[in-house]
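Report on the structure given below.
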Amino acid sequence: MIRSMTGFASVSREDGGERVSVTVKSVNHRFLDAVVKAPSSLAALEARIKALVQERLSRGRVECSVSVETTSAPPREVVLDEALLERVAQVLESARARGLVAGTLSASDVLRIPQVLEIRPRTADPAGPPDTMSRLVQAVAIEALDALVAMRETEGRYLGVDLELRLTMMAGMVDQLEALALDGQARLDARLRERLAALPADLALDPTALTQEVVRFVARSDVDEEIVRMRGHLEHWRALAAGPEPCGRKLDFLAQEMNREINTIGSKIEGSRATEIVIAAKAELERVREQVQNVE
C-alpha cells in the first residue's frame with residue numbers, strides 16, 4: 001500500500017463539562033517517532049497514546065498535542081483548619097473569662113477569621129486522571145489518529161498515480177533500450193565480420209576461432225539480463241504498491257536497484273539514441289526516489 005507520511009488532523013469533543021482537543025500532524029522520517037504533548041495531569045496517558053500511534057502507523061515523525069478545557073465551573077472544596085479554630089476559640093474563651101469580650105463565637109465570626117476557612121479548587125488525583133477523562137481523551141485521540149491515517153491514505157493515492165505514470169514511462173524506455181541493444185548487437189556483429197573478411201589472406205585465421213571471438217565480443221554488449229531484472233523490479237514494485245502493507249522502504253530499495261541496472265545498461269549499449277534514453281531513465285528514477293521519500 002502506498003500511503004503518504006505527511007498528514008494533519010484535529011478533533012475536539014466535550015463531555016461532563018470538559019472539552020478535550022487532540023491535534024495530530026506527521027512529516028517524513030526514516031522510522032516512527034511519536035511525540036505526545038499533554039498537560040501534566042494527563043501524563044499517565046502518554047504511553048497509551050503512543051501505543052495508539054504505533055498500532056496505526058509504521059513510519060514518520062508524529063506529533064500529538066492534547067489539551068483540556070473546563071467548560072463548567074470547576075469542582076471546589078471547603079477546608080476548615082480545625083486546629084487553628086480551636087486555638088482561636090480557646091483565646092476568646094480566656095478573654096471572655098477576664099471580661100475582655102462578650103458573647104459566643106458565631107459562624108459569621110468564623111468566616112471573618114483569616115486562614116481558618118479556605119475555599120479552593122479540588123486538587124487532581126495524583127494517581128492519574130479520572131476514568132471518564134481517560135476514556136474521553138483516548139476516544140478523541142483514536143478519532144484524530146484515524147482521521148490522520150485517512151488523510152495519509154488519500155495523499156498516498158495521489159502519490160501512487162504519479163509513481164505509476166513514471167513506472168509506465170520507465171517500462172517504455174526499457175522496451176526501447178532492448179530494441180536498440182538488439183539492433184546494436186546485430187550491427188556490431190556485421191561490422192566485425194566485414195572487417196575480418198577484408199583482412200589479407202596471409203592474416204586470415206581459423207574461421208571457427210574467428211566466429212567464436214566475434215560472438216564473445218558481441219556478447220559483451222548483451223543487456224538481456226539487465227532488461228529481465230528491470231522488468232522484474234517493475235512487477236515487484238506494482239505488487240508492493242497493491243499490497244496491504246506499508247512499502248516505502250522496499251520501494252526505495254527497488255528504485256536504487258533499478259538505477260543500478262540502468263547504469264549497467266548504459267555502460268554496455270552503444271549509440272547516441274541509447275545514451276539519450278539512459279539519461280532520461282536516470283532522471284525519471286531520480287524523481288521516483290524523491291517521491292518515494294514521502295511514502296510510509
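The values are calculated or read from the model by the stated rules, or taken from the named source; none is laboratory data. Since we're looking at a predicted model, the values are computed, not measured. Neighbour counts are summed over all protein chains in view; Cβ atoms, including those assigned to glycine, are modelled from backbone coordinates with ideal geometry. With ligands, DNA and RNA removed, areas are computed over all heavy atoms of the protein, side chains included. Shrake-Rupley method; radii C 1.70, N 1.55, O 1.52, S 1.80 Å.
Each residue in the range 242-252 was checked for being assigned to a helix (DSSP H, G or I) and surrounded by 19 or more Cβ atoms within 10 Å (Cβ to Cβ), and 2 of them qualify. Given the condition modelled with pLDDT of 80 or more, under 60 Å from the mean Cα position of the chain (by Cα) and closer than 30 Å to residue 40 by Cβ, answer yes or no: does some residue in the range 83-102 qualify? No; the residues of the range 83-102 include none that is modelled with pLDDT of 80 or more, under 60 Å from the mean Cα position of the chain (by Cα) and closer than 30 Å to residue 40 by Cβ. May I ask you to verify whether residue 255 is at pLDDT 90 or above, closer than 19 Å to residue 171 by Cβ, open to solvent by 30 Å² or more (accessible area, probe 1.4 Å) and of a type in the set (A, V, I, L, M, F, W, C)? Criteria not met by residue 255. Residues considered: 85, 52, 92. Of these, the only one that is in a helix (DSSP H, G or I), under 30 Å from residue 292 (Cβ atoms) and hydrophobic (A, V, I, L, M, F, W, C) is 52. Six or more apart or on different chains, Cβ atoms under 9 Å: show the pairs whose first residue is in the range 43-69 and more than 16 Å from residue 8 (Cβ to Cβ) and whose second is open to solvent by 60 Å² or more (accessible area, probe 1.4 Å) and aliphatic (A, V, I, L, M). That search, which allows pairs on different chains as well, returns 44/127. Screening residue 267 on (1) over 16 Å from residue 169 (Cα atoms); (2) surrounded by 13 or more Cβ atoms within 10 Å (Cβ to Cβ) shows it passes everything except condition (2).
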